[in-house]
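Any read-out appearing in this document is the output of simple, stated calculations on the displayed coordinates, not a laboratory observation. The shown structure was predicted, so the numbers you read here are calculated from the model rather than taken from an experiment. Please note: Cβ atoms are built from the backbone with ideal geometry, for glycine as well, and neighbour counts cover all protein chains shown.
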Amino acid sequence: MRTRIFTGRSRRVAWLGTLGALLAVLAVPVIGAPGAAAYPGFSVSATCTAANGQSASQVDWEWWQGGTGGTLVAIGSVRCPAITGSGTSSATGSGIQPASADTLWFSVDSVAGNGCGGTGFKTISFTPGSSVSAKLKVTGKSPCSYATPPKNTVTVDGSLQC
């Protein structure tokens, strides 16, 4: 007696199932493509230049929905590697712009030592999914009004590009 693995009806069901799975796999990249384009990737860079060392200068960003008083949807930062003596260091980061974000808060901190330095920030409103660009350059000097030497100057160049 012969045993069939698939009878006529079972064979059709199996074939349709295989065809359906194949079509689903082929459709995923087509369906996913427009969504990926709607929320652009972004890159962030920080370049720090010091006359007499630095160890905590950085670039920060926050993505908000409904402005900076609304809902915080994502945050991030990149910190320049420490510099001993005079020199330059840099750091980069990247990510995907959150789908609901309509505001970017961007900040640059320059730390020159002994609590001295400088901070700059900007807030940019935009349509969700659109390109955004921010650049800031901040210089901090030490000694500041309440600190004693050593003397130092730290400049931080920061940018975010979508």
Filter the chymotrypsin sites (Phe, Trp or Tyr not before Pro) in region 62-162 down to the DSSP loop ones having no more than 10 other Cβ atoms within 10 Å, then list what survives.
TYR146
Give me the one-decimal nm value for the distance between modelled label points at THR84 and THR68, 7 Å along each residue's Cα-to-Cβ direction.
3.8 nm
